[in-house]
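Here is the structure we will look at.
The values are calculated or read from the model by the stated rules, or taken from the named source; none is laboratory data. As the structure is a computational prediction, the values presented were derived from the model and not from experiment. Using ideal geometry, Cβ is built from the backbone for each residue, glycine included, and neighbour counts are taken over all protein chains shown. Remember, those area values only see protein heavy atoms, side chains included, never the ligands or the DNA or RNA. Shrake-Rupley method; radii C 1.70, N 1.55, O 1.52, S 1.80 Å.
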Amino acid sequence: MKRQPASDDVEQRGKLYEGKAKIVYATSDPKLIIQYFKDDATAFNALKKGTIVGKGVVNNRMSATLFQRLAKAGVPTHYVATLSEREMLCRRLDIIKIETIVRNVVAGSLAKRTGLEEGTPIRQPIVELYYKSDSLGDPMINDDHVRMMALATPAELAWMKRTALKINAVLRPHMLKHDLILVDFKLEFGRGAGRKLYLGDEISPDTCRLWDRATREKLDKDRFRRDLGGVEDAYQEVYRRLVGDAAGA
Ligand code: UDP
C-alpha cells in the first residue's frame, strides 16, 4: 500500500486563490492545499451573483463521497481527507487550463449550439473541451487548439478524455441508483508530484446537471441560473440521495 499524506498534523496557511465558489489555502505541507467551499454562486461568467444557503456543505460532502468512490474504481483524485463541513484537504495540483465536459443528454450550451431539444438522449456519451479563461468566457476548443497553446501534451489529453469517460461510467449508474439522471458534468484535471495526473476541483450540483429520474425535475445549479426557485431544496435533495442523512449529522 502506498502511504497516504497525513492530515492530522497539517496546518492551514495563507490564501492562495479565491474563486467564485471556493477558497484555496496553502498548508504547512507544500504538497497539500485546503479547499474551502463557499455558499456564493455565480452564473453566466459571473454576470449573475447570489447565495445558495448550505451549498458549500453539500458540495464539499458530495465531492468527498464521489472522489472516494472514483478512487476505489481506480481514478486518481486530489482528495485526501475531509477536515470539516466546508473544508477538504487535497493534493496540490498544477491545474490544466481545460474544462472537460461529458454529456449523456442534450442540455445547456449543446442544445443552443445544435438546435437539438433539451432532454434528447445521446447514445454514446460525448466529451467536449473548453479553454479555462474567465476573460474569454471559457470558449470551446478542440485537440488542435490544446496542442497549439500547449495546454496539455497529446498523451495527457488522451488520458483526460479516457478518464472523463471512465468517471462517467462510474458515476452515471451510481446516480441512477439514487434516482438521478446524470445529464452532463464538468471536470478539471491537474498535475501533481512527478507530473502525475489527478482529477481535481469538485463534483457537485454546481458542476453537474442532475435530473430526477421520474419527474425530470432539475436538481442542480440550473435552478439558480434559470430562476426556477427551490434552489436550496434541490441541493439538499441531492445531498440526501447521494450522501445520506447520517453524514450530515
Ligand atoms: N459547467 C461548469 N462550469 C462551467 C461551465 C459548465 O461546471 O464553467 C457544467 C455545467 O454545470 C453543466 C456542464 O458543465 O453541468 C455543461 O455546461 P454547458 O456547456 O451546457 O454550459 P451552461 O449551459 O452551463 O452555460
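What are the ³J(HN,Hα) couplings of the stretch 78-88, residue after residue, when phi is run through the Karplus curve with 6.51, -1.76, 1.60 and θ = phi - 60°? Round to Hz, x for glycine and proline.
Values, residue by residue: 7, 5, 10, 6, 8, 8, 6, 3, 10, 10, 10 Hz.
Report the calculated FRET efficiency for A71 and K196 (r = Cβ-Cβ distance, R0 = 22 Å), to the nearest 0.05.
Result of the calculation: an efficiency of 0.95.
From the cross-link list K15/K55; K15/K72; K72/K112; K196/K221; K72/K196; K31/K186, which pairs have alpha carbons spaced over 28 Å apart?
K15/K72; K72/K112; K196/K221
Tell me, which longest segment in the chain has none of the GluC sites (Glu not before Pro) that fall in DSSP loops with at most 11 further Cβ atoms within 10 Å?
My reading of the result: 118-249 is the longest stretch.
Which value results for Rg/Rh of the stretch 1-158 when Rg is the Cα radius of gyration and Rh the Kirkwood radius based on the inverse mean 1/r?
0.99
Measure off, as a whole percent, the carbon and sulfur share of the 1.4 Å-probe accessible area of the chain, all protein chains present.
Reported share for carbon and sulfur atoms: 51 percent.
Counting only heavy atoms of protein chains, what accessible area per residue, in Å², does the chain have with a probe of 1.4 Å?
50 Å²
How would you classify the stretch 87-204 from its alpha-carbon gyration tensor, with a ≥ b ≥ c the square roots of the eigenvalues: rounded for a/c under 1.5, else prolate if a/b is greater than b/c, otherwise oblate?
Oblate shape, in that a/c is at least 1.5 and b/c is the bigger or equal ratio.
Please name whichever of A214, V238, G192 sits farthest to the positive end of the charge dipole of the stretch 163-249, dipole taken about the Cα centre and charges placed at Cβ: Lys and Arg +1, Asp and Glu -1.
G192
Considering only DSSP states other than H, G, I, E and B, which chymotrypsin sites (Phe, Trp or Tyr not before Pro) in the stretch 1-90 qualify as loop sites with at most 10 other Cβ atoms within 10 Å?
Loop-located and lightly packed - F44.
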